[in-house]
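Undergrad: The structure under discussion is supplied below as structure tokens; questions concerning it will follow.
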Amino acid sequence: MALSILLTGAKGRMGQAIAAAAPEMGVVLAGAVDAGDDLAASFGLGTVVVDFSSHHATKALLELAVAREKPVVIGTTGHAAAEKKDLLRLAARVPCVWAGNFSVGVNLLFALTRRAAGVLGSDYDVEVVEMHHRFKKDAPSGTAARLLEIILEERKLGPEALRHGRSGITGERQPTEVGVHSLRGGDVVGDHTVIFSALGERIELTHKASDRGIFARGALRAAQWVVGQKPGVYDMQDVLGLR
Ligand code: NAD
């Protein structure tokens, strides 16, 4: 039987991309909610909630999902680290796929970044550069945040290692720094580059998204996968079997 979903953030760029991708994926849009609508009143619609709205909306959405035991797919980004920790505890009480990026290519970039960070070691300086359209409200992107988490894990560094941009007399680059730079402009759907530089060579891993359909199809694939999973927080590595 076709999967039916409740879409939140339905009028946004991603909401529209998901509505457009649903028919080709055999998914039915049972309900659509945006800012100002009564989420609780629509919450019974659809088997899975797919959320690409605002980080302000995540807590209320997860509380409803827990109360109604409904699986969720969260694509919204921009949560502060402390806020996300609490939200993940809540999300773990239902089957939940939470991913900062639903594209297959980006999930491969995550795996390649982990491998490169491990093989190249601390002699290679790491910097992450991302670019998105002028309308994006958070920085760095959720995808850049995940790339940084992976690099910090591999390098055994804490969040204090992150350098968000540079300006003024910064002094020489420290080997433990991990730089992150957010560019904004035009209609760029999402570019991410991880640069590993040593004295004498440089490796750059780049992914460029040119169509939001890749995130939409990935999110719908996650929605199909999450039905019937045990409560817990999963990501696209689980959905794609990359773990
Ligand atoms: P957008 O601004 O175009 O759309 C967001 C929509 O959510 C708007 O229509 C807005 O009115 C609505 N909204 C705001 N508050 C709401 C609330 N409380 N309840 C319901 N709807 C609400 O943004 P977008 O480009 O579509 O991106 C949406 C989110 O998805 C962002 O956080 C973005 O970073 C993220 N995103 C994630 C991925 C991924 O693969 N995980 C890919 C692209 C974008």
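The values are calculated or read from the model by the stated rules, or taken from the named source; none is laboratory data. Fair warning: this is a prediction, and the values are worked out from it, not measured in the lab. Positions of Cβ are backbone-derived with ideal geometry, glycine not excepted, and every protein chain shown enters the neighbour counts. Ligands, DNA and RNA are stripped out before the accessible areas are found, and what is left, the full protein with its side chains, is counted by its heavy atoms. Shrake-Rupley method; radii C 1.70, N 1.55, O 1.52, S 1.80 Å.
Undergrad: Whole-Hz Karplus ³J(HN,Hα) for the range 176-193, in order, using 6.51 cos²θ - 1.76 cosθ + 1.60 and θ = phi - 60°, x for Gly and Pro?
TA: Listing the rounded values in order: 8, 6, 10, x, 9, 9, 10, 9, 9, x, x, 10, 4, 6, x, 10, 9, 10 Hz.
Undergrad: Ok, one more. For 14, 131, 1, what's the largest-to-smallest order of accessible area, 1.4 Å probe?
TA: Highest to lowest solvent-accessible surface, that is 1, 131, 14.
Undergrad: Another question, if that's okay. Given charges of +1 on the Cβ of Lys and Arg and -1 on the Cβ of Asp and Glu, with all other atoms neutral, how large is the dipole of the chain about its Cα centre, in debye to the nearest 20?
TA: With only Lys, Arg, Asp and Glu charged at Cβ, the dipole is about 280 debye.
Undergrad: Further question: With a 1.4 Å probe and every protein chain kept in, tell me what percent of the accessible surface of the range 104-209 is carbon plus sulfur.
TA: Percent of accessible area from carbon and sulfur atoms in the range 104-209: 54.
Undergrad: Largest first, how would 70, 208, 84 line up by accessible area (1.4 Å probe)? Intermediate results must be reported in sequence, preceding the final value.
TA: On the way: 70 15, 208 145, 84 65 Å².
The ordering from most to least exposed comes out as 208, 84, 70.
Undergrad: If you don't mind, another one. Using the Karplus equation 6.51 cos²θ - 1.76 cosθ + 1.60 (θ = phi - 60°), what ³J(HN,Hα) coupling, rounded to whole Hz, does each residue of the range 76-92 give in order, writing x for Gly and Pro?
TA: For the range 76-92, the Karplus curve yields 4, 10, x, 7, 5, 4, 5, 4, 5, 4, 5, 5, 5, 4, 5, 4, 5 Hz.
Undergrad: While we're looking at this one, here's another question. Could you tell me the accessible area of residue 11 in Å² (1.4 Å probe, neighbours in place), rounded to the nearest ten?
TA: Counting only protein heavy atoms, residue 11 exposes about 150 Å² to solvent.
Undergrad: Further question: When the expected Rg is taken as 2.2 N^0.38 Å, what fraction or multiple of it is the alpha-carbon Rg of the range 1-143?
TA: Normalised Cα radius of gyration, the range 1-143: 1.17.
Undergrad: While we're looking at this one, here's another question. Output the antiparallel fraction of DSSP beta bridges having both residues in the chain, as a percent to the nearest 5.
TA: Approximately 35 percent, going by the DSSP bridge assignments.
Undergrad: Over the range 176-217, what lengths in whole Å, largest first, do the semi-axes of the equivalent ellipsoid take, defined as the square roots of 5 times the eigenvalues of the alpha-carbon gyration tensor?
TA: Working: eigenvalues 139, 31, 17 Å².
So the equivalent ellipsoid measures 26, 12, 9 Å along its semi-axes.
Undergrad: As I understand it, the value is the acute angle between the Cα axis of helix 104-120 and the longest principal axis of the Cα atoms of the chain; what does it come to in degrees, rounded to 10?
TA: Its long axis makes an angle of about 30 degrees.
Undergrad: With no solvent and one point per C-alpha, what does the Debye sum give as log10 I(q)/I(0) for the range 104-209 at q = 0.19 Å⁻¹?
TA: Result of the Debye calculation: -0.96.
Undergrad: Also, I was wondering about something else. Over the alpha carbons of the range 160-243, what is the largest minus smallest coordinate on each principal axis, giving the biggest first in Å?
TA: 54, 32, 25
Undergrad: Which one, 161, 57, 205, is farthest towards the positive end of the dipole of the chain when Lys and Arg carry +1 and Asp and Glu -1 on their Cβ?
TA: Value computed over the given set: 57.
Undergrad: Keeping every protein chain in place, order 151, 195 by accessible area at 1.4 Å, biggest value first, i.e. largest first.
TA: Working: 151 0, 195 35 Å².
The ordering from most to least exposed comes out as 195, 151.
Undergrad: Any idea what diffusion coefficient the chain gets from Stokes-Einstein, in µm²/s, Kirkwood Rh on alpha carbon pairs, 4 °C, 1.567 mPa s?
TA: Taking Rh from Cα pairs, D becomes 69 µm²/s.
Undergrad: Still on this structure: List every residue whose amide H lies under 5 Å from the amide H of residue 4, counting only residues 5 or more places away in sequence or on a different chain, with H placed 1.01 Å from N in the peptide plane.
TA: Placed amide hydrogens put 28, 47, 48 under 5 Å from residue 4.
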